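First up is the structure itself, then whatever we jot down about it.
The values are calculated or read from the model by the stated rules, or taken from the named source; none is laboratory data. This structure is a prediction, so every number in the text was calculated from the model and none was measured. FYI the Cβ positions are ideal-geometry reconstructions off the backbone, even for glycines, and counts take in every protein chain you see. Ligands, DNA and RNA are stripped out before the accessible areas are found, and what is left, the full protein with its side chains, is counted by its heavy atoms. Shrake-Rupley method; radii C 1.70, N 1.55, O 1.52, S 1.80 Å.
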Amino acid sequence: MEVVICKTKEEASALAAKMINEAVKKNPKTVLGLATGSTPVLMYNEMAKAVKAKKVSYKEVKSWNLDEYVGLAPTHDQSYRYFMNENLFKKIDIKLSNTHVLNGLAKNPEKECKAYEAQIKKAGGIDIQVLGIGSDGHIAFNEPGTSLSSRTSVVYLTPSTIKDNARLFFGGDMTKVPTQALSMGVGTICEAKKIIMLAFGKGKADALKGCVEGGMTQFCTASALQAHNDTWIFCDEEAASKLKLKKYYAWRSAVKLGL
Ligand code: GLP
């Protein structure tokens, strides 16, 4: 795990975007795994800037998103499909038909999840998986108590995640947040060739501590990334504030990135 600690989330987002843009320049057919939430928005803006400046093209890129709420139509303004269209897909030159988000209205959700995994496999697997982290240490919607080898499936949100997501979305109304989602599993996520996680703010400090320096446990599903050999965490100083070895990580990653 490489932990890149930046002064600001703007700086961290620009570095993460650069890593993705460089990879797409090298391989225009890169397969991306994408994430929602407030955290990746700045990085998505940086990716859009690069496309606008014609520094990179996403025309041949394919993407699969991590998760979607059960019961929300893709056109619902709080659905993750809608979020991706507005915050990234409309701003870059990716073909919408090459972007994939689980269908929250699927009549047979288990079948939908299996088919999603099969699509990813057929595309050759995810080259770069983007992740945020929940304040309880979850990745995608893999809540505490989820097996670290879980596959894409129907999952159940904890009250704390429902509260977090209501604060930022759904107009602050907890009763409007769906209680179930379709989510890529921890095992599915860990099959990505490269993983880029973003974490900003002091609200993520405990989760990041658990992810990087805690034991590998299903009570912090992000800790499964400890067994992945190409994971990069781009964070700000607040999110990194509880890490014991933060100076060492910052130095090592700066050398590796040539900063
Ligand atoms: C949701 C998403 C996660 C995301 C998390 C954090 O639970 N399913 O993928 O990482 O929210 O969201 P935020 O970035 O808004 O803090």
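Quick notes on this one:
- Single condition GLY172 does not satisfy, out of (1) open to solvent by 10 Å² or more (accessible area, probe 1.4 Å); (2) under 23 Å from MET43 (Cα atoms); (3) within 15 Å of the ligand (Cβ to nearest atom); (4) out of contact with any strand residue (DSSP E or B) (no Cβ under 6 Å at 6 or more places or on another chain): (2)
- Scope the range 214-259; condition open to solvent by 30 Å² or more (accessible area, probe 1.4 Å), under 20 Å from the mean Cα position of the chain (by Cα) and charged (D, E, K, R); matching residues: ASP230, GLU237, GLU238
- The set of residues from the range 85-123 being part of a loop (DSSP other than H, G, I, E, B), open to solvent by less than 30 Å² (accessible area, probe 1.4 Å), in contact with a helix residue (DSSP H, G or I) (Cβ under 6 Å, 6 or more places away or on another chain) and closer than 16 Å to TYR58 by Cα comprises LEU88, ILE92.
- Looking only at residues of the range 127-169 that are of a type in the set (S, T, N, Q) and part of a loop (DSSP other than H, G, I, E, B), we find that the one that is nearest to the ligand (Cβ to nearest atom) is SER135.
- Flag for ALA207 being crowded, with 17+ Cβ neighbours inside 10 Å and part of a loop (DSSP other than H, G, I, E, B): no
- Answer residue from the range 52-84, given it is assigned to a helix (DSSP H, G or I) and surrounded by fewer than 19 Cβ atoms within 10 Å (Cβ to Cβ) and is nearest to the chain's Cα centre (by Cα) among those: TYR82
- Leading residue by the ranking (surrounded by the most Cβ atoms within 10 Å (Cβ to Cβ)) among those in the range 186-202 that are assigned to a loop (DSSP other than H, G, I, E, B) and within 13 Å of the ligand (Cβ to nearest atom): PHE200
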